[in-house]
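Inspection log for the structure reproduced underneath, given as structure tokens.
The values are calculated or read from the model by the stated rules, or taken from the named source; none is laboratory data. These numbers were taken from a predicted model, which means no experiment stands behind them. We place every Cβ from the backbone using ideal geometry, glycine too, and count neighbours over all the protein chains shown. Note: areas computed on protein heavy atoms with side chains; ligands, DNA, RNA excluded. Shrake-Rupley method; radii C 1.70, N 1.55, O 1.52, S 1.80 Å.
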Amino acid sequence: MTAHPHALQLPPDERILPRRLVLTKVFGVCAIVGGILSIIGGFVDPHQFAYSWFFGFYYFFTIALGAFFWVTLHYACDSDWTVLVRRVWETMLALFPLLLLIAIPLFAAPDLRNVLWRWTDPVHAHDHELALRAGYLNLPFFYIRALAYFAYFIFMGRYYFRNSVLQDTDGDPRRTRRMHDHSYFALVVFGVLQTFLGFDWLMGLYWRWYSSLFGVYNFAICAQASMAAGIVIVATLRAGGHLRMLNHEHFYLMGKLLFGFTIFWAYIAFGQFLLIWYANIPEETIFYNDHNRGAWVYFSFAIIVGKFMFPTIYLLAQDNKKSLRALTRIAAWILLMHGLELYWFIMPYAHEKTVLPSWLDFVSWITIASILGFFYIRVAAKNSIFPTRDPRLVESLTVVN
């Protein structure tokens, strides 16, 4: 429900100045230094570099996928309260072309590709199980699917971002209506593509394993992590003196969504485990056998406690959802747990017997984070950090729930 005062002064557009942000310079330096170290690491230890670089790439790619979900959901539902914070996720959509460039080494270099997706290695050419799945697991079709994923999210990401920015200039409400009409189909395509790219890239790290719930699981980690990232960015902007028109109502709504998708993630993650345990099919149970071997089992317990139990208890309190400071703490914690979960998912394929962290894990993540952070600020600085002429701006300013 929203309140409609007789007179309300709309806020002017707000822009950030990258040259005044120390964070921009930090990102730039870290991107250059990290890029050099990553290249060296790629030549010295290509096996470890492949997994480390993929870990960093997929961490941020899932956040961008989640941003696409939140933007399209906003338009499909004609949401009003999200208007003031929507540009945070829309700007993430502009990073899909950069994510494509970051991913190119993993797909283009056979030494890296064959390490990650072992079925592409010619040594498995005569594998009986691979032969049975050759209609799907073949290199030309693998590349076609990868290009289709990137092409769709780059094109549609640009569509939503560009129309939202253009509306700041012309104020044409028809742009909102068109995006609303297109979002239903966009959400369906998103669901299909994120499912299959999860199959190809994440589940494909061990192609003999399968799970009937993995597509929903991949969606759950995307939506939860992206909402947490959005909260952290909003808090950063507020700390810089921006978005002062946001109030505890907006924070509470973001907090409720973060809480809801924390529960949803736990439901899907546990449901996947329960179905696999109950069915006891070797092609399914092999995943949990490998990921609970040796010291990796402690990661499993840490994820249960750190990504479900602690955030759930923390977010039960209304005060924690209405306070941006308290909400930012748990959002940052969930982003940390998002990284821990992906590390637990990916790295046992690199080090099967024990946990063996590498300096490339840290360097690759920092490098990709710095590249994306630098360009995120540059893109955000070209436009207002919130939609200034959205037809639902008044409702967003006066939202009450």
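For this structure, a couple of remarks:
- Candidates are the residues of region 183-192 that are open to solvent by 30 Å² or more (accessible area, probe 1.4 Å) and without any contact (Cβ under 8 Å) to a residue 60 or more places away in the chain; the one that is farthest from the chain's Cα centre (by Cα) is F185.
- G35 vs. criteria within 15 Å of the chain's Cα centre (by Cα), touching a residue at least 24 places away in the same chain (Cβ under 8 Å) and closer than 30 Å to A151 by Cβ: no
- Any hit, region 77-89, residues being open to solvent by less than 10 Å² (accessible area, probe 1.4 Å), aliphatic (A, V, I, L, M) and within 13 Å of S364 (Cβ to Cβ): no
- Residue within region 226-248 that is part of a helix (DSSP H, G or I), in contact with a Phe, Trp or Tyr (Cβ under 8 Å, 6 or more places away or on another chain) and at pLDDT below 95 present: no
- Residue within region 384-395 that is open to solvent by 20 Å² or more (accessible area, probe 1.4 Å), not in a loop (DSSP other than H, G, I, E, B) and not hydrophobic (A, V, I, L, M, F, W, C) present: yes
- Scanning region 153-182 for residues that are surrounded by 14 or more Cβ atoms within 10 Å (Cβ to Cβ) and outside any helix (DSSP H, G or I) returns a single hit, D172.
- Only one of the listed residues (R118, R113, R133) is over 21 Å from F68 (Cα atoms), of a type outside the set (A, V, I, L, M) and touching a His at 6+ places or on another chain (Cβ under 8 Å). That residue is R118.
- Counting residues in region 163-171 that are under 22 Å from the mean Cα position of the chain (by Cα) and over 20 Å from F96 (Cβ atoms) gives zero.
- Total residues in region 327-360, condition open to solvent by less than 10 Å² (accessible area, probe 1.4 Å) and over 18 Å from the mean Cα position of the chain (by Cα): 4
- Output for region 95-115, where each listed residue is surrounded by fewer than 18 Cβ atoms within 10 Å (Cβ to Cβ) and hydrophobic (A, V, I, L, M, F, W, C): L101, I104, A108, A109
- Filter result (buried (at least 19 other Cβ atoms within 10 Å of the Cβ) and aliphatic (A, V, I, L, M)) within region 269-302: A269, I276
- In summary, Y252 fulfils each of the numbered conditions (1) over 26 Å from V394 (Cα atoms); (2) open to solvent by less than 40 Å² (accessible area, probe 1.4 Å); (3) among the hydroxyl-bearing types (S, T, Y) with the single exception of condition (1).
- Qualifying residues in region 361-378 (those that are touching a residue at least 60 places away in the same chain (Cβ under 8 Å) and open to solvent by 30 Å² or more (accessible area, probe 1.4 Å)) - the one farthest from T312 (Cα to Cα): R378
- Subset of region 218-234 (residues that are open to solvent by less than 10 Å² (accessible area, probe 1.4 Å) and closer than 23 Å to L275 by Cβ): N218, A220, I221, C222, A223, Q224
- Qualifying positions in region 376-392 - closer than 14 Å to K25 by Cα and either among the basic types (K, R) or touching a Leu at 6+ places or on another chain (Cβ under 6 Å) (or both): R378
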